[in-house]
Structure formats: structure tokens, C-alpha cells
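Shown next, in C-alpha cells, is the structure this report addresses.
The values are calculated or read from the model by the stated rules, or taken from the named source; none is laboratory data. All figures in this text were calculated on a predicted structure; none of them were measured in a lab. When we count neighbours, we look across all protein chains shown, and the Cβ atoms used for this are built from the backbone with ideal geometry, even at glycine. When the accessible area is computed, the model is the full protein with side chains, heavy atoms only, and any ligands, DNA or RNA have been set aside. Shrake-Rupley method; radii C 1.70, N 1.55, O 1.52, S 1.80 Å.
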Amino acid sequence: MADLLPEQIRLWQHLEATAREHFRRSAITEIRTPLLEVTELFARGIGEATDVVGKEMYTFFDRGERSCTLRPEGTASVVRAAIQHGLLSQGPQRLWYGGPMFRYERPQAGRLRQFHQIGLELLGFADACSDVEAIAVAWDLLAQLGVGGLELQLNSLGSSEDRARYREQLVAWLEQRRDQLDADSQARIASNPLRVLDSKNPDTQALLAEAPSLASALSDGSQARFAVVQQALTALGIPFVLNSRLVRGLDYYSHTAFEITSSQLGAQATVCGGGRYDGLVQQLGGPATPAIGWALGMERLVLLLSQSEASAAAAPSLDLYVVSRGEAAAALALALARRCRQAGLAVERDASGAAFGKQFKRADRSGARWAAVIGEQEALDGLVGLKDLRAGAEQADQRLTPEALLEVLAAGLPRP
Ligand code: ATP
Ligand code: MG
């Protein structure tokens with residue numbers, strides 16, 4: 001679990017602000033749910049057979065002897081909240097969320113135990129164009145943030161009937177080759193056979209080249225639907241590659257599944273993953289509701305962006321740095337800083353009481369456009385020296401009343 005220090009936080013805030021604005025333009029509203037849920041929600045909503053529920057959850061008993069879990073992902077909580085508060089009877093819901101998620105994983109670059117996601121859930125949307133709209137929102141957000149070198153991988157898991165049929169074919173095929181599979185994959189034949197398809201074991205992967213393909217198990221209707229998704233992506237100019245091994249290993253996933261990956265991320269290549277989950281709302285006790293969503297890993301996004309100029313774009317801006325010396329001057333500096341902040345300026349007050357030379361050095365380093373200077377004489381006169389930190393030394397300093405200073409600053413600052 002990582003601390004996010006002031007040095008890094010600018011980039012995070014830039015990402016969050018960009019995402020928030022991007023969702024606003026897409027008519028998608030934020031929803032916030034608790035970090036803690038009853039364990040049962042994830043067991044039912046993600047599935048006992050998944051790695052997340054099977055080995056990665058932070059689960060404990062609270063003082064009321066209830067089994068609680070720190071949320072490992074956002075979808076189950078959002079769906080729970082939508083059901084619990086009757087949102088689904090108010091029409092389709094376009095929701096996004098963001099915040100920390102918790103998984104007991106082996107920490108490495110791009111893989112943490114507390115990590116952050118932003119995610120989208122479109123609840124009550126059945127049509128193929130909504131799949132593409134969801135993908136486009138993710139794709140365009142990443143593009144707007146300036147992330148390059150991305151690849152959209154796409155697959156269709158078909159309807160639940162298609163999947164059941166394919167599952168049978170695959171299990172029969174895997175059973176015949178059980179002794180050639182790695183131990184994890186062997187165990188998954190019974191619990192979650194589709195998940196064998198994205199085994200990380202190279203021998204298993206080589207063997208799977210011969211396995212029956214999911215694509216050929218799709219019904220005509222599912223194939224036609226998948227064709228519409230592909231056409232709509234092409235029409236929007238969003239490139240994709242088909243990946244028939246891409247499965248989201250949960251039973252309630254159907255039709256569109258996708259991941260956005262980057263070659264710059266090494267082993268943890270997936271920045272964003274999502275798909276259609278038409279069965280989940282019902283699985284959690286709500287009305288039958290078609291839905292599609294995705295989740296994006298913020299740490300991986302930060303890894304991708306910290307090398308780029310997006311970090312520079314997120315530099316802080318300070319308008320005024322106030323230096324003072326002596327008790328009366330400090331009191332005046334305090335009042336001036338407050339007055340300027342109330343007027344909308346970003347102001348830092350030097351509280352060190354150090355020699356003016358030292359304070360001026362800090363003023364220069366602060367990146368502020370202006371410095372206000374209050375010495376003992378200024379404090380007596382109720383005046384403030386104003387220094388333009390971007391002008392050369394030949395520029396004479398002015399001595400002004402606080403009100404006059406505020407006027408100069410308000411006029412001289414190009415506001416964004
Ligand atoms: P992976 O295959 O990398 O474990 P996943 O399938 O478990 O990913 P999802 O549950 O789909 O991931 O979560 C969506 C995104 O959240 C991932 O694509 C990734 O960017 C991010 N993510 C998932 N787990 C972690 C983690 N432990 N640390 C940092 N980011 C993560
Ligand atoms: Mg994982």
C-alpha cells in the first residue's frame with residue numbers, strides 16, 4: 001500500500017480532474033459507495049471461483065461478528081447500491097466511481113494491495129452501440145490524457161447459452177489433456193474452465209492453440225451482435241484487435257469483453273478492462289438489467305503518464321509569496337495573505353522569520369509571479385512592498401496599501 005506524496009499528487013489530481021470533466025461531458029454521474037461491504041456481496045457478485053474472491057480479499061469479522069470485506073472492485077457495490085435505492089426503477093443509470101480498492105496480491109510495479117480505479121457502469125443498456133459508447137468513453141479519456149501506444153483487445157463471449165455450450169466443449173477437451181496442464185489450470189477445469197484460456201503458463205498457452213474456439217461456439221445472433229460492435233468501433237475510428245482468449249472469468253459476463261493494454265507496462269499490461277454483464281444485477285437480487293462497464297487502474301495510468309509532459313502540465317501555480325520580518329509585519333502578512341486568498345489568489349506566507357535574503361530565495365523557487373514584502377517600516381506605515389518576480393532587477397518595487405496591491409494583482413494576472 002503506497003503513500004501518495006505531494007510530489008506525485010499533482011499528476012493524480014490532474015488525472016482525476018480530467019476524468020471528472022470527461023464523465024460530465026458524457027452525461028455520466030458519480031456514485032460513491034462505502035469501502036467496506038458484507039463479504040457475501042463479493043462472493044456472489046464476483047464469484048467464489050475467481051482469484052479475487054478465492055485468494056485476494058481482505059476479509060475480517062467486525063465487532064458484530066459480521067464477515068466484512070474491503071472492496072476489491074467497484075461493480076458489485078455500485079450494483080448493490082442501485083438495487084438497494086431503487087435507482088433501476090428510475091430508468092437507465094449512467095454511473096462512474098473512483099477510489100481505492102484492496103486485493104491481497106504479490107506487490108510489484110503496477111500491482112499493489114491498495115490501488116485505485118476509476119470505473120464506469122451503464123445499467124439498463126442492452127444495445128450494441130452502448131457497448132461501443134462505453135469503450136469510446138475509456139478510449140477517449142486515455143487519448144485526452146495523452147497516453148500513447150495503446151491497444152484495444154476485443155472479444156465476444158456470446159450469450160449465456162453460447163457460453164454454456166462452449167464450456168462443455170472446452171471442459172471435454174481439457175479433460176483429455178489434464179496431465180499436460182499446469183496445476184492452476186487443472187483446478188480450474190471444474191471451477192472456472194474459461195479462465196484456463198488466459199493462463200499465464202507458456203506450456204498451457206501453447207497447448208491451447210489447438211483448443212476449440214469460443215468464436216465458433218457463438219450463435220448467429222451473437223455473431224451478428226459482435227459484428228455490429230466491430231462496425232461501430234470502425235466507424236468511430238477506434239482500432240482494435242480480436243483476441244479470442246480474452247475472457248472475463250465470471251459467469252454473468254456475456255457478449256462484449258475488452259481490455260486496453262500498453263506495451264510500455266511490462267507484465268502488468270492492462271490499463272483498463274471491462275465488458276457486458278447482463279446477468280449480474282439479477283444475480284445480486286435486482287430486476288433483470290442489461291449492463292456494461294469497465295474499470296481503469298490509476299497506478300498503471302500514472303506509470304504511463306509520469307514520463308510524459310502531462311506531469312509538467314499539472315504544475316502548481318502560485319500567484320503571490322508573502323515575506324515579512326518582525327512581529328507586527330507577520331501579523332500584517334497574515335491578514336494580507338488571507339485577504340488575497342478570499343479574492344481568489346493562490347498565496348503562500350513565509351512563516352520562517354528568516355533574513356529577507358533567504359525568504360526571497362524561497363519566493364523565487366515558489367514559482368509565484370509576485371512577492372509581497374513587509375518589513376518593520378512597512379508594518380508601521382500599513383504598506384506592503386510589491387515585487388514582480390518575473391521582471392528584471394531594474395524594476396522598482398512599489399509600496400502600496402493592501403487594497404491597492406490587490407487591485408494590481410487582480411489586473412495583472414491572466415486568469416485561466
Ligand atoms: P490483472 O490481470 O492485471 O490482475 P484484473 O483482471 O485482476 O487485472 P480488473 O479486476 O479487471 O483487473 O481491474 C481493472 C483494472 O484495475 C486492471 O486492468 C488494472 O489496471 C487495475 N488493477 C487490478 N488489480 C490491480 C492491482 N493489484 N494493482 C494495481 N492495479 C490493479
Ligand atoms: Mg488480478
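Worth pointing out:
- In the context of the full set of protein chains, residues of the chain present 48 Å² of accessible surface per residue (probe radius 1.4 Å, heavy atoms only).
- Pairs of alpha carbons in segment 119-263 whose separation is greater than 19 Å (percent): 55 percent
- Between L406, L194, L218, the Gaussian network model of the chain with springs among Cα atoms under 10 angstrom shows the greatest mean-square fluctuation at L406.
- Area accessible to solvent at T29, 1.4 Å probe radius, in Å²: 90 Å²
- Most fluctuating residue given options L400, L70, L157, as computed from a GNM of the chain linking Cα atoms under 10 Å: L400
- Normalised contact order of the chain, rounded percent, pairs of Cα under 8 Å and 6 or more residues apart: 15 percent
- Only Cα pairs under 8 Å and 6+ residues apart enter the sum, and on that basis the relative contact order of segment 317-410 stands at 31 percent.
- With Cα atoms defining each centre, segment 192-211 and segment 148-191 are spaced 7 Å apart in the structure.
- Candidate residues H255, H14: accessible-area rank, largest first, probe 1.4 Å: H14, H255
- Spacing of the two label points (7 Å from each Cα toward its C-beta) at Q282 and S67, in nm: 2.6 nm
- Of all accessible heavy-atom area on the chain, the percent that carbon and sulfur account for (1.4 Å): 52 percent
- When you filter the trypsin sites (Lys or Arg not before Pro) in segment 312-394 for DSSP loop state and at most 10 other Cβ atoms inside 10 Å of their Cβ, you are left with R390.
- Segment 178-221: trypsin sites (Lys or Arg not before Pro) falling in loop per DSSP and having at most 15 other Cβ within 10 Å: K200
- Highest-MSF residue in the chain out of A291, A267, A329 [GNM, Cα springs under 10 Å]: A329
- Computed from the alpha carbon positions, the gyration tensor of the chain leads to an equivalent ellipsoid with semi-axes of 55, 22, 21 Å, biggest first.
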